[in-house]
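Submitted below is the structure of interest, expressed as structure tokens.
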Amino acid sequence: MLGLGSILGTGVFVSIGVAAGVAGPAVILAIALAAVVATANALSSAQLAASHPVSGGTYEYGYRYLSPWAGFAAGWMFLAAKSASAATAALGFSAYLLEMLGLAGEERAWRIGVALAVTAVLTAIVLGGIRRSSRVNMVIVCITILALLAFVAGVAPAAWRDGAANLRDQSQTSAQTRFWPALLEAAALMFVAFTGYGRVATLGEEVRDPKRTIPRAIVVTLWATAALYILVSIAAVAAAGAGRLGHLTRMQAAPLEAVARLADAPAVAVIVSIGAMTAMLGVLLNLILGLSRVLLAMGRRGDMPAATGRVSESGTPGVAVIVVGAVIAALVLIGDVKTTWSFSAFTVLIYYAITNLSALRLPAEQRIWGRWWAWMGLVGCLGLAFWVQWQIWGIGLTILALGLVWKLTRRASAG
């Protein structure tokens, strides 16, 4: 449930529309391709988490199996990318809520104020411990899944009526002239929508029997999500057409809600809005959980201030949680994270490339699956990263360089 709460959010409610605008009806194939690459990454993550069940995910795996610099690079990129994603989730929730309340036209300060409030509330929930966080997350996930199933059922008549034509229509998409580049770009965008399963691996110290629990949770989470994404994408493209779905995504932040209204299902549109808000809450909750555990691991090793590596009597890394909440709040104040999704695509693909490199170094006796899964994940990550816009490469590499300078500075001061 924590994995589903991490995945079902911006990916299903926004990125399917973005990818449809790039690849047309082939977005369904792009989702399947992204799921295959994500599966290889998930199996690498599961093997590593089972053999090395500590908080920190690929940050810890990079340190253990590659080098301190590789581990630090993974942790730093994770913190940078997911902090921005968390701020986006908070602002997205605020936008949906204000629109539902009829306050969408109010000043920007309203959106920021609501986003700050929800960030503070969820930070407090995470401070309460993993059990309380899990209960809240379970409620959020159930509402989100019910909303998505209601969407599929609500647009089914329109999809049945117009589906044959819409699923063949390539108009208004870049797939008309460049099928393979468009497909790979869409797959890179959709890969990001699957990456929440890594949140399960970052909680390795806080579950019973991690060698059994973590691999099963990751794989089941991934394929349940893939099935739901494919079902929703078929319904949306069949009901509205890929070109229109992409246009709706560019024009407004709630393409699935707009498709439901086009399909003459206003009640379903309201349900989808509620589901979108709960999904954003789930994303924000799980990002605070995951980010704080990575920051905890980095604090323990001295890559971050020592206070972030402390754990309370209840087992919660309180200082790390508060710091993460404060960073997210600071990004919310900026209020402009237009490139977050593409930025997350590049940084997350680099992050999981390090995951697969770490998995290749696992001793034979600790392997659950063959090395070829790790090779598939590594090639898939680097191959998809190539299709992200070059401007995003510049931003990502600059952030990485700043992190390495930080590590060098701390190393010099410690020496």
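Looking only at the stretch 64-106, which residues are within 30 Å of residue 397 (Cβ to Cβ), out of contact with any Ser or Thr (no Cβ under 9 Å at 6 or more places or on another chain), part of a helix (DSSP H, G or I) and open to solvent by 20 Å² or more (accessible area, probe 1.4 Å)?
68, 69, 76, 79, 91
Can you find, within the stretch 195-214, the residue that is modelled with the highest pLDDT among those that are surrounded by fewer than 22 Cβ atoms within 10 Å (Cβ to Cβ) and on the phi < 0 side of the Ramachandran plot? Step through it out loud before you land on a result.
Of the residues in the stretch 195-214, the ones surrounded by fewer than 22 Cβ atoms within 10 Å (Cβ to Cβ) are 205-213.
From the residues that got through so far, the ones that are on the phi < 0 side of the Ramachandran plot too are 205-208, 210-213.
Values: 205: 61, 206: 65, 207: 69, 208: 73, 210: 68, 211: 69, 212: 73, 213: 76.
Applying the filter and picking the extreme gives 213.
Kindly state which helices (runs of 4 or more DSSP H) lie completely within the stretch 237-309 and contain at least 1 residues that are within 22 Å of residue 20 (Cα to Cα), touching a Pro at 6+ places or on another chain (Cβ under 6 Å) and not acidic (Asp, Glu).
Passing ranges, in order: 242-251.
Something else now. Condition (residue is β-branched (Val, Ile, Thr), closer than 18 Å to residue 352 by Cβ, at pLDDT 80 or above and open to solvent by less than 20 Å² (accessible area, probe 1.4 Å)) applied to the stretch 18-29: is it met by at least one residue?
Kept after step one, since they are β-branched (Val, Ile, Thr), are these residues of the stretch 18-29: 18, 22, 27-28.
Checking the rest, the ones that are also closer than 18 Å to residue 352 by Cβ come to none.
For the stretch 18-29, residues β-branched (Val, Ile, Thr), closer than 18 Å to residue 352 by Cβ, at pLDDT 80 or above and open to solvent by less than 20 Å² (accessible area, probe 1.4 Å): absent.
Give the stretch 368-415 a look and list any residue that's open to solvent by 40 Å² or more (accessible area, probe 1.4 Å), closer than 23 Å to residue 358 by Cα and outside any helix (DSSP H, G or I), or say none.
Result: 368, 369, 386.
Name the pairs: first residue in the stretch 209-234 and part of a helix (DSSP H, G or I), second residue open to solvent by 20 Å² or more (accessible area, probe 1.4 Å) and not hydrophobic (A, V, I, L, M, F, W, C), Cβ to Cβ under 6 Å, at least 6 apart or on different chains?
What qualifies is 210/53.
Sticking with this one: Got at least one residue in the stretch 315-326 being in contact with a Pro (Cβ under 9 Å, 6 or more places away or on another chain), of a type outside the set (Lys, Arg) and not in a loop (DSSP other than H, G, I, E, B)? Break it down stepwise before answering.
Pass one, the stretch 315-326, residues in contact with a Pro (Cβ under 9 Å, 6 or more places away or on another chain): 319, 323.
Now drop any that are not of a type outside the set (Lys, Arg), which leaves 319, 323.
Among the residues that remain, those that are also not in a loop (DSSP other than H, G, I, E, B) are: 319, 323.
Scanning the stretch 315-326, I find at least one residue that is in contact with a Pro (Cβ under 9 Å, 6 or more places away or on another chain), of a type outside the set (Lys, Arg) and not in a loop (DSSP other than H, G, I, E, B), so the answer is yes.
Quick one: is residue 32 at pLDDT 80 or above, open to solvent by 20 Å² or more (accessible area, probe 1.4 Å), out of contact with any strand residue (DSSP E or B) (no Cβ under 6 Å at 6 or more places or on another chain) and not β-branched (Val, Ile, Thr)?
It is true that residue 32 is at pLDDT 80 or above, open to solvent by 20 Å² or more (accessible area, probe 1.4 Å), out of contact with any strand residue (DSSP E or B) (no Cβ under 6 Å at 6 or more places or on another chain) and not β-branched (Val, Ile, Thr).
The values are calculated or read from the model by the stated rules, or taken from the named source; none is laboratory data. Please read these numbers as outputs of a predicted model, since none were measured by experiment. Note that each Cβ is placed from the backbone with ideal geometry, even for glycine, and that neighbours are counted across all protein chains shown. The protein model used for the area step is the full one, side chains on, heavy atoms only, and it has no ligands, DNA or RNA in it. Shrake-Rupley method; radii C 1.70, N 1.55, O 1.52, S 1.80 Å.
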